[in-house]
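S.K.: Take a look at the following structure, please.
We did not get these values from a lab; they are worked out from the coordinates using the rules stated. Keep in mind the model is a prediction, meaning the values are calculated, not measured. Counting neighbours? That spans all protein chains shown, and the Cβs are built from the backbone with ideal geometry, glycine included.
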Amino acid sequence: MSMRQLISVFKAVADENRLRILKMLEKRRMCVCELAAVLGITRPSVSRHLSLMKSAGLVKNRRNGQWIEYELCEENINRYAPVIQSLLKEWLNESPIIKDDLKKAKSVRREKICKS
């Protein structure tokens, strides 16, 4: 089982958009439409990325009123996920793409971009 868990985590972080999502979720909870707006990809694509990361134990979601917010998972669903999350907090912080994403993420607001 643990080899499957490790492969699951590696697959989940082996994509630029998923890494970008994880870096944004380090800073705050976000909904699918906010993430899609920052990344410049479709909401279904963001949802597929989030589903894969949720299965790997990297993110979780919760309802907040009408919104479903995503955040980093702190539970030990997968023993490798917390280790990768800890390392990612130290990695990519100087990346121009990550810096740009974080800047955009500060100003994107679901009330203006999400259509229920």
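S.K.: Taking 0.36 nm per residue of sequence separation and subtracting the Cα-Cα distance, how much length would be gained by fully extending the chain between VAL83 and LYS27, in nm to one decimal?
M.R.: 18.4 nm
S.K.: Further, regarding this structure: Once you measure Cβ to Cβ distances between cysteines in the chain, which Cys have no partner under 4.7 Å?
M.R.: Result for the chain is CYS31, CYS73, no neighbouring Cys Cβ within the cutoff.
S.K.: Still on this structure: Return one number: the angle in degrees, 0 to 90 and rounded to the nearest 10, between the long axis of the Cα atoms of helix 43-55 and the longest principal axis of the Cα atoms of the chain.
M.R.: Its long axis makes an angle of about 30 degrees.
S.K.: Moving on. Give me, ordered by chain and number, the residues 5 or more places off MET30 or on other chains with an amide H under 5 Å from its own placed amide H.
M.R.: Residues meeting the criterion, in which the H sits 1.01 Å from N, are TYR70.
S.K.: Place the peptides 46-54, 97-105 in order of packing, highest mean first, counting for every residue the other Cβ atoms within 10 Å and averaging per peptide.
M.R.: 46-54, 97-105
S.K.: Now a separate question. Using alpha carbons only, how many degrees (0 to 90, rounded to 10) separate the axis of helix 81-90 from the longest principal axis of the chain?
M.R.: Its long axis makes an angle of about 60 degrees.
S.K.: Please give the calculated 222 nm ellipticity per residue for the chain, where each DSSP H segment of at least 4 residues contributes -39500 (n - 2.57) and the sum is spread over every residue; nearest 500 deg cm²/dmol?
M.R.: Taken over the chain, the calculation gives -18000 deg cm²/dmol.
S.K.: Apply the Karplus curve 6.51 cos²θ - 1.76 cosθ + 1.60, θ = phi - 60°, to the phi angles in segment 6-21 and return the couplings in whole Hz, x for Gly and Pro.
M.R.: Calculated HN-Hα couplings, in order: 5, 4, 4, 5, 4, 4, 5, 9, 8, 8, 4, 5, 5, 4, 4, 4 Hz.
S.K.: What is the extension gain from ILE113 to ARG62, computed as 0.36 nm multiplied by their sequence separation minus the C-alpha to C-alpha distance, in nm to one decimal?
M.R.: So the extension gain works out to 16.4 nm.
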